[in-house]
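Here the structure is laid out as structure tokens; the discussion comes afterwards.
The values are calculated or read from the model by the stated rules, or taken from the named source; none is laboratory data. All of these numbers come straight from a predicted model, not from anything done at the bench. Note that we place each Cβ from the backbone using ideal geometry, even for glycine, and neighbour counts take in every protein chain shown. Note: areas computed on protein heavy atoms with side chains; ligands, DNA, RNA excluded. Shrake-Rupley method; radii C 1.70, N 1.55, O 1.52, S 1.80 Å.
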Amino acid sequence: MRFPLFVFKMAYREMRGSFRPFSALLLCIGLGVGAIVGVGNIAERMETLTVHEARNFIASDVKARLHRPLSPNGEAALLTMGKAIPFVRVTELIGMATSKGRSQIVELKAVEHGYPFYGRLTVVPPAPRIFLDPSDIWVQEALMLRLKLAIGDRIQLGGASFVIRGTILKEPDKIAGMFSLGPRVLLSQEALIKTGLAQTGSRLTQTILFKATPPWTETTLKKALVQKWPDEWVQIQTSREAQPRLGRFLKNFTTYLGLAGLVTLMIGGIGAATGIHAFIKMRINSIATLKALGTPVSTISAIYLLLALMLGVIGSLLGILMGMGIEQAMHARLAVFLPSDLVFTASWRPALRAAAMGISTTLLFALWPIHGIRAIPPSRIFRQTIEEDQPGVLTRSVLTRDVSTRGVFTPMRALLAATILIGWGGLSIWQAGSFKIGGWMVAATGAAIPLLLLTFFGMLRLVKRLPRLSSLILRYGIGNLNRPGRLTSAILLSLGVGIMILLTLIQVERNLTRYLGENIPKDAPNLFFIDIQPHQREPFSALMTQQNIQMELTPLARSRLFSINGKRAADLGQRRGHADSWYFTREYVLTHRDNLPPHNTILKGSWHTARPNGIASASVEVEAARHLGIGIGSQVTFDIQGTLIPAAITSIREVNWGSMTTNFFFILSPGALDQTPITYVATIKNPPREDIPLQDAVIAAFPNITAIQLREIMETVLRVIDEIARTVQMMAILVLLSGVIVLAGATIAVSAQRTREMTIFKTLGATRPILIAIM
């Protein structure tokens, strides 16, 4: 017990008596740990945001989309699982609502009590318990305006009559789109049965929503459903799979910032090595005395290693406090864009993780200077007076050399270098959460450091070849770069890596902004009007002419693929891989037009050539053609509300999906959709000041039509990107600040060593400004 106690007492005395020289070290470690804590907390909040938004997107943890009703075995398996896992059924179909001699096509959505699991279904007036009475329904306000109804009125759906209990303001899992056949009507599954509309052969869309309760997770629940439904025609999706792009973007963003924080910590490690190196040089006489008294080298090394550990702990605690401030600053900028109902819970995991990294980095980078203790001879204590009078003797010590650039490369040093590299690689992989990304991080840093050192050696050679300068300040100041013990390589590495990461972060931020700017077309429309019914086409066009507005009306029809080259699309999709099956089972919004739309390019074939058999021609988007396995001459058949529309593929297009206008996978030849139920979407580009008056005029004349402001959406996106850019800049400043602190710490350490020289200069008449200029 006496050996550890002796080591602890000596380390404590060294730290207590020399705390001031380590201020730069503590700041360096604190900044690195603080950056990692701040980014780690932001990453956890972004993960919470992703899960929150993804769950709201499908109103559940797992969604199963049925392409045909479950078999008896599949139904039995569902009921068995339902004892432990909550689920609700959702059925959607098109129907006709009638009241007071008027009729309107509507979109029916039948759910069960408990819907939704996530998000909020908002109705007016508020109703805490809905879908319990099968005679009640809730409708969009547009239906009440068209049929001139009020809350409490009765409405006929199929073979049953229902009472309107309120209007729908918000559905969590309703995706805003360009196509809608009519207003939404919400009712219970029992009410749907009463209507008689859900019959065999009816065009239904059925889904089952699941809530993963402990011990189930989204992943385990999906695997269990796949195993229990091996032969069912079902597509199973977790909430994380519903918005993969959002999740990937946020993960990549926080990973990148986390790696920048790790580089900040690495610069702090260089600063720690510099500080400990300078401190050990100040303690050479004490170390020689301990050796002369018989203290083993391992014990002395343990003292300074424990000192490094204590400094690492203090620096990490300081960093945790800094990190909380950084996280609050970042969150305050992004909070305005976060959902108001999103609640974050505090987590200590990022702080503990960052503290472990800070302490590990301090110990790793302290190994190299502590190893130099072995080179201090015990006889140094007997030559103290001589060596103080002859600094050149002292500089020949292995310890006092700039160990980054000089000295014999021994096997022990090779082992130390390997330990530091492996340790740093492990920390990089841990922070990145990926062997690939962490490996690239290590490789990039490993390539940058030799390049910086080669540049350093080359510049030192140039400095040596400079002619003798007449200016004392320049001659002595530049000459000091080649003097032993100047720590120039440590300063170069910290500032060089810091500026490298700074420039990288700035370039990424500029590329991000430039990419977004280049992908916002100059001719992008700023307003969309959707749900324009066929009978409203002429009066709507007349209103636009009256308002002196130029627009483009595009017909839309919702369909599914029925067959490809005579084979049922559903059968083909089941035989294809998971990545392709979505293209066979999804809904397609079709249009017909006689000219090639802007932002579309023909890759193969020709635009809408006449067919000898009289069927329509079609142009298909290139990725859809690849996944569906179709090409020029292939024949596809679409099912539009029971009407089959055959078409022959005559061209394959490339579509610029970022054009922010109406784009389609399939475009049919003119007249192909004349006998099918269609609606229209109007795209309009007008000055910003005219947006609100135009919307008011349209809604007053056509209450069912919905306006979508693309300009407002893009302004929000630009504000988000701007705040992200500011966050990146904040991280860049932290990285550069770490390098500056290392520079300041090294300058302080060197100035302490050169006190005797500065005293001689002052005795010879040098003023304080001259001495500062030399340093």
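Quick look at the numbers
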{"quantity": "Residue satisfying condition, being modelled with pLDDT under 85, of a type outside the set (D, E, K, R) and assigned to a helix (DSSP H, G or I), within set SER360, SER404, SER379, SER347", "calculated": "SER379"}
{"quantity": "Condition check for VAL37: in contact with a Gly (Cβ under 7 Å, 6 or more places away or on another chain), of a type outside the set (Lys, Arg) and modelled with pLDDT of 85 or more", "calculated": "no"}
{"quantity": "In segment 615-630, residue farthest from PHE664 (Cα to Cα) [restricted to those that are open to solvent by 20 Å² or more (accessible area, probe 1.4 Å) and in contact (Cβ under 8 Å) with a residue 24 or more places away in the chain]", "calculated": "ILE615"}
{"quantity": "Qualifying residue in segment 150-173 (condition: surrounded by fewer than 18 Cβ atoms within 10 Å (Cβ to Cβ), on the phi > 0 side of the Ramachandran plot and modelled with pLDDT of 85 or more)", "calculated": "yes"}
{"quantity": "Number of the exception - GLY34 against (1) crowded, with 22+ Cβ neighbours inside 10 Å; (2) over 30 Å from GLY268 (Cα atoms)", "calculated": "(2)"}
{"quantity": "Candidate set: segment 625-647, residues that are of a type in the set (A, V, I, L, M, F, W, C) and outside any loop (DSSP other than H, G, I, E, B); chosen: the one modelled with the lowest pLDDT", "calculated": "ILE640"}
{"quantity": "Cβ pairs under 6 Å, 6+ apart, first in segment 754-775 and within 24 Å of ILE491 (Cα to Cα), second in a helix (DSSP H, G or I) and of a type in the set (Val, Ile, Thr)", "calculated": "ALA773/ILE473; ILE774/ILE473"}
{"quantity": "Residue in segment 665-682 that is at pLDDT 80 or above and acidic (Asp, Glu) present", "calculated": "yes"}
{"quantity": "Strands (runs of 3 or more DSSP E) wholly inside segment 101-146 containing at least 2 residues that are surrounded by fewer than 20 Cβ atoms within 10 Å (Cβ to Cβ)", "calculated": "102-111, 122-124"}
{"quantity": "Some residue of segment 498-510 being at positive phi, at pLDDT below 80 and open to solvent by 60 Å² or more (accessible area, probe 1.4 Å)", "calculated": "no"}
{"quantity": "Lone unmet requirement of (1) free of Cβ contacts under 8 Å to residues at least 40 places away in the same chain; (2) open to solvent by less than 30 Å² (accessible area, probe 1.4 Å); (3) among the hydrophobic types (A, V, I, L, M, F, W, C) for LEU293", "calculated": "(2)"}
{"quantity": "Residue in segment 457-480 that is in a helix (DSSP H, G or I), closer than 26 Å to ILE370 by Cα and modelled with pLDDT of 80 or more present", "calculated": "yes"}
{"quantity": "Residue list for segment 456-482, restricted to those being in contact (Cβ under 8 Å) with a residue 40 or more places away in the chain and out of contact with any Lys or Arg (no Cβ under 8 Å at 6 or more places or on another chain)", "calculated": "PHE456, PHE457, LEU472, ILE473, TYR476, GLY477"}
{"quantity": "Subset of segment 646-666 that is open to solvent by 10 Å² or more (accessible area, probe 1.4 Å) and closer than 18 Å to GLU587 by Cα - its residue that is nearest to the chain's Cα centre (by Cα)", "calculated": "TRP657"}
{"quantity": "Options LEU257, LEU290, LEU250, LEU262: the member that is assigned to a helix (DSSP H, G or I) and modelled with pLDDT of 80 or more", "calculated": "LEU290"}
{"quantity": "Search result, residues across segment 264-290 that are among the small types (Gly, Ala, Ser), over 27 Å from ALA355 (Cβ atoms) and buried (at least 19 other Cβ atoms within 10 Å of the Cβ)", "calculated": "ALA288"}
{"quantity": "Any hit, segment 205-227, residues being closer than 25 Å to SER559 by Cβ and open to solvent by 30 Å² or more (accessible area, probe 1.4 Å)", "calculated": "yes"}
{"quantity": "Leading residue by the ranking (modelled with the lowest pLDDT) among those in segment 546-567 that are β-branched (Val, Ile, Thr) and either in a strand (DSSP E or B) or under 39 Å from the mean Cα position of the chain (by Cα) (or both)", "calculated": "THR554"}
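Per-residue answers, yes or no, for (1) more than 23 Å from PRO646 (Cβ to Cβ); (2) surrounded by 20 or more Cβ atoms within 10 Å (Cβ to Cβ):
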position	(1), (2)
LEU668	no, yes
LEU673	no, yes
PRO677	no, no
TYR680	yes, yes
ASN686	yes, no
PRO693	yes, no
ALA697	yes, no
GLN709	yes, no
